[in-house]
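Only the coordinates and a few stated rules stand behind these numbers; no lab work does. None of these values were measured; they are calculated from a predicted model. Please note: Cβ atoms are built from the backbone with ideal geometry, for glycine as well, and neighbour counts cover all protein chains shown.
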Amino acid sequence: MRLAVVPYMLKFAQPAGTSRGVLTEKPTYFIKVFDERIPEIYGLGECAVFPGLSPEADHRYEYKLVELLANIAIGRPTDLSHHSSIQFGLEQALRDYASGGKGIYYTSPFIHGESEITINGLVWMGNYDEMLQRLEQKIDKGFHCIKIKIGAIEWSQERELIKLIRERYSPDQVTIRVDANGGFCMDNIFPVLKQLADLNVHSIEQPIPARNAELMSFVCKMSPVPVALDEELIGIYDYETKRALLEGINPAYIILKPALCGGFSGAEEWIKIANEFGIGWWITSALESNIGLNAIAQWTAHLGVTGAQGLGTGGLYTNNIATPLFLDGEHLRYNPEQSIDRTAIDALDWKY
């Protein structure tokens with residue numbers, strides 16, 4: 001068994017505003033595993049590293065990929081417990097290889113075009129007019145769950161956007177989620193939570209910065225709006241620490257990004273623990289290309305999820321790789337007559 005790797009710079013079609021600044025491009029890495037006797041048949045994966053968010057995203061990242069490449073060649077294991085994005089990519093590549101390089105990561109009616117995944121409509125950060133326009137576009141396309149990233153402009157303006165939705169649509173018609181990305185603190189979070197509750201907001205993701213478990217537990221206990229943990233899960237690697245975190249904070253929900261939560265295996269540990277404590281969960285992407293998103297979608301469908309998932313990021317990039325995934329309003333679907341564009345993949349400058 002051999003492994004090859006290639007860096008790939010994703011280019012945003014439009015600047016994407018996040019709590020970590022405005023993004024115009026994002027690096028990622030594709031990997032493939034293959035038998036050197038039949039190199040044309042390979043399993044493909046994406047190591048979807050996220051600079052500024054992935055703990056492993058530093059100058060040593062590519063050395064870890066080289067270590068994995070060398071260890072695969074000699075049949076030696078590699079410790080990826082602190083490299084979620086590489087674990088994520090390797091799990092994909094191995095599963096794809098096991099399917100004969102056909103782009104099948106998990107089987108379910110989804111990959112036969114017989115079911116779909118409902119997703120939320122994501123409204124990126126921007127100025128008031130930009131966010132209003134994006135909001136109206138999502139609702140016009142038929143989305144019944146809207147996720148709004150807050151913290152880019154004055155809260156009073158963001159509140160007006162949410163109020164505008166509520167004046168037009170009841171909670172039964174449109175579900176509203178907000179994502180604060182840790183943008184508030186003890187001094188200002190509770191008035192915001194009260195106003196969100198008054199507007200019948202479904203939930204708030206990561207209202208305060210991660211790694212303050214005592215305060216987060218207090219916020220979860222006192223909040224009139226259900227709280228979901230997101231960044232709080234990143235960098236937690238072992239099972240007992242995960243369990244202690246959820247038991248101690250006791251959030252209403254957790255948000256699972258496999259590229260940041262130890263791959264699919266690590267995310268499934270979080271799900272097992274959350275189910276034990278009666279904590280809800282849903283799945284989101286972490287700005288992967290369509291390669292990683294395709295694998296996440298197949299895994300999500302395999303889990304038999306219900307409710308809106310956060311998987312609507314496939315159209316962000318101008319140089320994405322074509323896969324069988326496509327959007328149909330608020331539904332993510334899979335076209336079994338189409339396949340991953342392996343011609344584009346094969347043309348990349350792979351390192352062996």
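Tell me the relative contact order for the chain as a rounded percent, counting alpha carbon contacts under 8 Å between residues six or more apart.
Contact order relative to length: 21 percent.
With 10 angstrom as the radius, rank HIS202, HIS112, HIS302 by how many other C-beta atoms surround their C-beta, starting from the fewest.
Listing HIS202, HIS112, HIS302 from fewest to most nearby Cβ atoms yields HIS112, HIS302, HIS202.
To the nearest 20 Debye, how big is the dipole of region 109-334 about its Cα centre, given +1 on the beta carbon of each Lys and Arg and -1 on that of each Asp and Glu?
Approximately 140 debye in magnitude.
For region 1-111, just say rounded, prolate or oblate: build the C-alpha gyration tensor, square-root its eigenvalues into a ≥ b ≥ c, call rounded for a/c under 1.5, and beyond that prolate if a/b exceeds b/c, oblate if not.
Oblate, since a/c reaches 1.5 and b/c is not below a/b.
To the nearest 500 deg cm²/dmol, what mean residue ellipticity at 222 nm is calculated for the chain from DSSP H runs of n ≥ 4 alone, each contributing -39,500 (n - 2.57), summed and divided by the residues?
Computed mean residue ellipticity for the chain: -10500 deg cm²/dmol.
So if I take the alpha carbon set of the chain, get Rg, then get Rh from the Kirkwood formula, what is the Rg over Rh ratio?
0.96
Which pairs break 22 Å Cα to Cα here: LYS32/LYS351; LYS163/LYS194; LYS64/LYS351; LYS221/LYS257; LYS26/LYS351?
Checking Cα-Cα distances, LYS221/LYS257 exceed 22 Å.
Within the chain, which complete DSSP H helices have Cα atoms spanning at least 15 Å along the helix axis and a mean Kyte-Doolittle hydropathy of 0.0 or higher?
Counting only whole DSSP H runs, the qualifying helices are 61-74, 290-303.
Counting only Cα, what are the radius of gyration and maximum Cα-Cα distance Dmax of region 151-226, in Å?
12.4, 38
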